[in-house]
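This report refers to the structure that appears directly beneath it.
The values are calculated or read from the model by the stated rules, or taken from the named source; none is laboratory data. Just so we're clear, the structure is a prediction, and the values are computed from it rather than from any experiment. When we count neighbours, we look across all protein chains shown, and the Cβ atoms used for this are built from the backbone with ideal geometry, even at glycine. What goes into the accessible areas is simple: the full protein's heavy atoms, side chains included, and nothing from ligands, DNA or RNA. Shrake-Rupley method; radii C 1.70, N 1.55, O 1.52, S 1.80 Å.
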Amino acid sequence: MNKSSTDNQSPIIDNRSQIKDQFNRVHDYLRISLTERCNLRCSYCMPAEGIQLRPRSEFMTAEEVIKMSKIFVSLGVKKIRLTGGEPLVRKDAEEIITGLSQLPVELAISTNGILVDKYIDTFKSCGLKSINVSLDSLKKEKFNTITRRDYFDKVMSNINLLMKNNFHVKINAVMIKGFNDDEICDLVEWMRDKNIHVRFIEFMPFDGNKWDWSKGISFKEIMTKIESRYGENVVKLEDGKNDTAKNYSIKNYKGTFAIISSVTNPFCDTCNRMRLTADGKIKNCLFSGTETDLLSAMRNGEDIVPMILESIWNKKAVRGGMESFEDFSDSSQNQKNRSMVAIGG
Ligand code: SAM
Ligand code: SF4
């Protein structure tokens with residue numbers, strides 16, 4: 001990726017209408033983590049013992065989430081996704097969703113699905129269209145093993161509820177070798193007569209998730225399994241401009257599927273994403289080891305716009321600076337990050 005002609009100069013602080021980095025990537029998509037807490041314990045996302053919980057005062061209040069979002073929107077943000085932890089475990093999730101729905105942005109949410117029935121009317125009244133739900137297995141026991149809890153039936157019934165209410169449902173499935181790779185074609189078959197988009201995600205390294213690529217299933221392996229079953233009926237679909245996924249369909253199937261290959265083939269060239277953690281820190285990349293504390297600055301009455309611009313300006317070209325597969329696989333580098341539950345996936 002080439003640097004822009006303003007190489008290594010600091011961000012143009014007076015340009016307050018766009019958030020750009022040194023590679024000319026415009027950042028107009030903000031992912032906000034509402035909480036580090038979760039009602040599941042997915043083994044690829046957080047350590048078995050959970051993560052250290054901190055006092056509520058260290059996290060953004062509903063008003064602060066909305067105030068922070070307004071600042072990002074004034075800088076050109078067009079899409080906001082709420083994530084976590086599990087965003088819907090926050091008691092004030094409805095207040096936040098309602099507040100953000102007043103902004104001129106596409107609002108989306110990633111959830112494990114457990115509390116969807118409680119919030120479905122809010123999703124409707126706030127105009128949410130597409131909901132991402134995590135589901136790593138269609139088998140109850142396996143699902144309960146990986147999530148270390150017993151919510152399979154609830155999640156399935158809430159996925160059905162979303163479909164019945166015409167939401168566009170995207171299913172996120174993290175692929176782990178010897179665990180759920182035998183279900184790749186089952187998941188494709190599952191979407192045969194459903195308006196569902198299944199996304200197979202390569203297993204990524206985060207603090208405390210005991211990552212080791214021998215447990216991962218690559219884009220290539222996933223495609224090989226699907227092509228050997230469906231052959232020429234696999235259809236390549238057009239990918240969106242900033243899409244992190246390669247999209248496909250099967251001839252005459254109602255649903256579609258995609259593969260997110262952050263490990264074997266990162267999609268950094270067109271990245272437009274930035275992340276705000278629940279404690280108000282901006283992360284310019286999912287894999288960056290550095291963060292900027294916007295919440296403390298905002299509470300002190302400082303202007304956080306220059307901090308946002310500076311943070312994104314300093315974004316590395318690829319995966320927080322881990323350019324090669326070797327760097328990415330090196331635990332001394334990839335474990336400098338938080339666990340996924342504390343970043344906001
Ligand atoms: N609780 C919500 C959920 O599960 O969808 C939102 C937060 S979760 C951290 C967001 C996404 O990150 C989920 O789809 C999850 O599968 C994915 N994820 C978590 N840890 C991951 C890992 N190590 N590798 C790849 N994806 C991961
Ligand atoms: Fe919770 Fe989502 Fe992480 Fe699973 S993937 S532990 S549901 S935050």
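Is it fair to say S228 is of a type in the set (S, T, N, Q) and within 16 Å of ligand 2 (Cβ to nearest atom)?
no
I13 meets each of the listed conditions (1) away from ligand 1 (no atom under 16 Å from the Cβ); (2) modelled with pLDDT of 95 or more; (3) of a type in the set (V, I, T) apart from (2). Residue selection: E202 satisfies the criterion of being among the charged types (D, E, K, R) and surrounded by 19 or more Cβ atoms within 10 Å (Cβ to Cβ).
Condition first: closer than 21 Å to E202 by Cβ, open to solvent by 10 Å² or more (accessible area, probe 1.4 Å) and of a type in the set (S, T, Y). Now tell me which residues in region 135-181 satisfy that. Correct list: T145 only. If the condition is being among the acidic types (D, E) and either more than 10 Å from ligand 2 (Cβ to nearest atom) or touching an Asp or Glu at 6+ places or on another chain (Cβ under 6 Å) (or both), then region 15-71 contributes D21, D28, E49, E58, E63, E64. Note on region 254-264: among residues that are away from ligand 1 (no atom under 13 Å from the Cβ) and out of contact with any Phe, Trp or Tyr (no Cβ under 6 Å at 6 or more places or on another chain), the one that is least open to solvent (accessible area, probe 1.4 Å) is G255.
Pairs meeting the criteria (first residue in region 75-87 and away from ligand 2 (no atom under 12 Å from the Cβ), second residue open to solvent by 10 Å² or more (accessible area, probe 1.4 Å) and not in a loop (DSSP other than H, G, I, E, B), beta carbons under 6 Å, at least 6 apart or on different chains) are K79/Y29; K79/E106; I80/L107; R81/R31.
Go through (1) closer than 26 Å to I176 by Cα; (2) under 18 Å from the mean Cα position of the chain (by Cα); (3) crowded, with 19+ Cβ neighbours inside 10 Å one by one and return the number of the condition L128 breaks. Result: L128 passes all but (1). The residues of region 102-124 that are open to solvent by 40 Å² or more (accessible area, probe 1.4 Å), touching a residue at least 24 places away in the same chain (Cβ under 8 Å) and more than 26 Å from I260 (Cβ to Cβ), listed by number, are P104, D117, K118, K124.
Going by what's in this entry, would K225 be described as more than 16 Å from ligand 1 (Cβ to nearest atom) and over 19 Å from the mean Cα position of the chain (by Cα)?
Spelling it out, K225 is indeed more than 16 Å from ligand 1 (Cβ to nearest atom) and over 19 Å from the mean Cα position of the chain (by Cα).
In region 57-88, what residues are of a type in the set (A, V, I, L, M) and open to solvent by 10 Å² or more (accessible area, probe 1.4 Å)?
Hits for region 57-88 are I66, I71, V73.
Of everything in region 26-56 that is more than 24 Å from I114 (Cβ to Cβ) and open to solvent by less than 10 Å² (accessible area, probe 1.4 Å), the residue that is nearest to ligand 1 (Cβ to nearest atom) is L30. None of E238, E227 is out of contact with any strand residue (DSSP E or B) (no Cβ under 6 Å at 6 or more places or on another chain) and open to solvent by 70 Å² or more (accessible area, probe 1.4 Å) except E238.
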